[in-house]
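Right, I'll just put the structure down here and ask away after.
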Amino acid sequence: MLYQLYEFQKALLQPLSSWAQTASETFINASNPLSKMPGAERLAASYELLHRLGKEYKKPEFGIRAVKAHGRDVAIHEITTLEKPFCNLIRFKRYSDDLEVIKKLKEDPVVLVVAPLSGHHSTLLRDTVRTLLQDHKVYITDWLDARTVPADKGEFGLDDYVHYIQEFIRTIGPKNLHVISVCQPTVPTLGAVSLMASNGEETPASMIMMGGPIDARKSPTAVNSLADKKSYEWFESHVIYEVPQPHAGAGRRVYPGFLQHTGFIAMNPQNHMQSHWDFFQNLVRGDELDAKAHIRFYDEYNAVLDMDAKYYLDTIKTVFQEHALPSGTWKVSGKLVKPHDITDVALLTIEGELDDISGSGQTRAAHKLCKGIPSVRKDHYEVVGAGHYGIFSGRRWREKVYPRIKDFIREHEQTSKASKKKVAKAALASD
């Protein structure tokens, strides 16, 4: 019923939001006499703020049209490499008409960015992707809004997430592939690679894990505490609802995006109130630069998606209540996840000093679990002064984190190639 009430409220607000947008434009249009009246700027700002508070935020585009790579501007085209019911594998194909640049682009390492399925769309990692494209071939997991997936496609759980990652790795090809998981997917990514190693499959050249709950018992945050304080049954009865008509996924049980968004806001309500007040003041002053920055941020922040109920509840139970991965009890489709079976994958973990979502030590815990990886192929980086978002977006990401990732990939790209050549030569000699 709550979902239906939300949809009804949204339908009521939509005309008001549209009217407020029109009213705002009326008071800022220089050709309209009303724009000359005293207080027109304040009225326009008020209506614009009302419009943005009531409007529906749809999934943003990545919108990456070009980047500078190897000293030249190269065009970017999004290609859907693989379509799955709950996720698309997207490749950002780079194009150039310079033969020397084309040669260098082909030699760049391949990166799979596993984006989080935790409320926001994968476009939240736009800055991550844009920066990586300077020196890498980039793929990303583009998770779909569960309310758009017909109920007859079945449920999507944590096990399915792991299998999706494995399929994406196999589709791209694990040879010289570097997998970067951001936040929540550090757990299923480690699970996917562990199972591939246990099965004797070829594994990626490296795993780069950023701000994720590998072991949520370490430095627990407010997010971790909520999962500990409430029972599995509480989450199932209080935050799970059926998608209503007329959505394509009508009847599917989900954790709705609007509830997640409420939770995001509730974590720092004063900050958001101040941000909207500053936006209003910037509009009144005519400070377009800061106003546009606010719009860009909240267009992304307010665009949320529904998660399939099974996946959400599986994650609560497995990651935050049972701590199954660090406890050595996690099974995926009946198979035990054994990170110590991973031997030929380099590991880099990254944490933000001020991360209030994945606390200090939670991601670094992967090193202890991956006992089979030699210490010379492991590294950890704590980003001083960075919060959760700062490790994959913004100035600290571009100036501090990215150079470390780039160097790590280059170092272990060569190590991986040399190792595989050595194995191939040994196999030929034995023949």
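For the pair residue 42 and residue 229, how long in nm is the line joining their label points, each one 7 Å along Cα→Cβ?
It works out to 4.1 nm between the two label points.
Also, I was wondering about something else. In Å², what does the accessible area per residue of the range 55-190 work out to with a 1.4 Å probe?
39
Could you go through the range 179-188 in sequence order and give the Karplus-derived ³J(HN,Hα) for each residue, using 6.51 cos²θ - 1.76 cosθ + 1.60 with θ = phi - 60°, rounded to whole Hz, and x for Gly and Pro?
Whole-Hz 3J(HN,Hα) from phi for the range 179-188: 9, 10, 10, 10, 6, 3, x, 4, 5, x.
For the range 77-124, what number results from the quotient of the Cα radius of gyration and 2.2 N^0.38 Å?
1.46
Using a probe radius of 1.4 Å on heavy atoms only, what accessible surface per residue do you get for the range 219-361? Whole Å² is fine.
48
Shifting gears a bit: Choose one answer from 144, 259, 289: the residue with the largest mean-square fluctuation in a GNM of the chain with alpha-carbon springs under 10 Å.
Looking only at 144, 259, 289, the biggest GNM fluctuation is shown by 289.
Compare 225, 181, 35 in a GNM of the chain, Cα atoms joined below 10 Å, and give the one with the largest fluctuation.
Of the options given, 35 has the highest mean-square fluctuation.
Using +1 at the Cβ of each Lys and Arg and -1 at the Cβ of each Asp and Glu in the chain, identify which of 220, 303, 120 lies farthest towards the dipole's positive end.
It is 220.
Under 1.5 on a/c is rounded, so check that first for the range 290-421, then, if it is not, pick prolate when a/b is larger than b/c and oblate when it is not; a ≥ b ≥ c are the square roots of the alpha carbon gyration tensor eigenvalues.
Oblate, because a/c is 1.5 or more while a/b does not exceed b/c.
Would you kindly calculate the translational diffusion coefficient of the chain, applying Stokes-Einstein with the Kirkwood radius from alpha carbon pairs, for 4 °C and a viscosity of 1.567 mPa s, and quote it in µm² s⁻¹ without decimals?
55
Mind checking Rg over Rh on the range 80-177, alpha carbons, Kirkwood formula for Rh?
Taking Rh as the inverse mean 1/r over Cα pairs, Rg/Rh reads 1.02.
What FRET efficiency do you get for residue 368 and residue 25 if R0 is 60 Å and r is their Cβ-Cβ distance, rounded to the nearest 0.05?
Computed FRET efficiency for residue 368 and residue 25: 0.55.
While we're here: Quick one: net charge around residue 251, please, counting Lys, Arg +1 and Asp, Glu -1 for every other residue with C-beta under 11 Å from its C-beta.
Local net charge: +1.
List, in order, the whole-Hz ³J(HN,Hα) value for each residue of the range 372-382 obtained from phi through the Karplus relation with A = 6.51, B = -1.76, C = 1.60 and θ = phi - 60°; use x for Gly and Pro.
x, 8, x, 4, 5, 10, 10, 8, 9, 9, 9
Now for a separate question. With an 8 Å cut-off on Cα pairs and a minimum separation of 6 or more residues, tell me the relative contact order of the range 332-396 in percent.
Reported relative contact order: 43 percent.
Within 10 Å, at most 11 other Cβ atoms, and a DSSP state outside H, G, I, E, B define an exposed site. Report the longest part of the chain free of exposed GluC sites (Glu not before Pro).
In short, 62-431.
Would you mind calculating the gained length between residue 354 and residue 73 on full extension (0.36 nm times residue separation, minus the Cα-Cα distance), in nm to one decimal?
Extra length available between residue 354 and residue 73 comes to 97.6 nm.
Follow-up question, since we're still on this one. How much length is gained on full extension from residue 103 to residue 343, taking 0.36 nm per residue of separation minus their Cα-Cα distance?
So the extension gain works out to 83.2 nm.
Please get the size of the charge dipole for the range 289-336, origin at its Cα centre, with Cβ charges of +1 on Lys and Arg and -1 on Asp and Glu, quoted in debye to the nearest 20.
Magnitude of the dipole: close to 260 debye.
Also: Report the full-extension gain for the segment residue 290 to residue 198: residue separation times 0.36 nm, less the Cα-Cα distance, to one decimal in nm.
Using 0.36 nm per residue and subtracting the Cα-Cα distance, I get 28.0 nm.
Related question: Please list the non-local residues whose amide H lies under 5 Å from the amide H of residue 62, H modeled 1.01 Å from N, same-chain partners needing a gap of 5 or more.
So residue 62 has HN proximity to no qualifying residue.
Looking at the chain as a GNM with Cα springs under 10 Å, which of 179, 149, 111 has the largest mean-square fluctuation?
149
Ok, one more. Please tell me the relative contact order of the chain in percent, rounded to the nearest whole number, where contacts are Cα pairs under 8 Å and at least six residues apart.
18
Can I ask one more? Leaving ligands, DNA and RNA out of it, report the carbon-plus-sulfur percent of the accessible area of the chain at a 1.4 Å probe.
Percent of accessible area from carbon and sulfur atoms in the chain: 53.
A follow-up question, please. For the chain, with only Lys/Arg (+1) and Asp/Glu (-1) charged at the beta-carbon, what is the dipole magnitude about the Cα centre, in debye rounded to 20?
1000
For the range 103-150, state the semi-axes of the equivalent ellipsoid (square roots of 5 times the eigenvalues of the alpha-carbon gyration tensor), sorted largest first and rounded to whole angstrom.
27, 11, 7
I've got another one for you. Out of all DSSP beta bridges with both ends in the range 63-196, state the antiparallel percent to the nearest 5.
Around 65 percent antiparallel, to the nearest 5.
The values are calculated or read from the model by the stated rules, or taken from the named source; none is laboratory data. Everything numeric in this text was worked out from a predicted model, so none of it was measured. Neighbour counts run over all protein chains shown; Cβ positions are idealised from the backbone, glycine included. Protein only, heavy atoms only, side chains kept; ligands, DNA and RNA dropped before computing areas. Shrake-Rupley method; radii C 1.70, N 1.55, O 1.52, S 1.80 Å.
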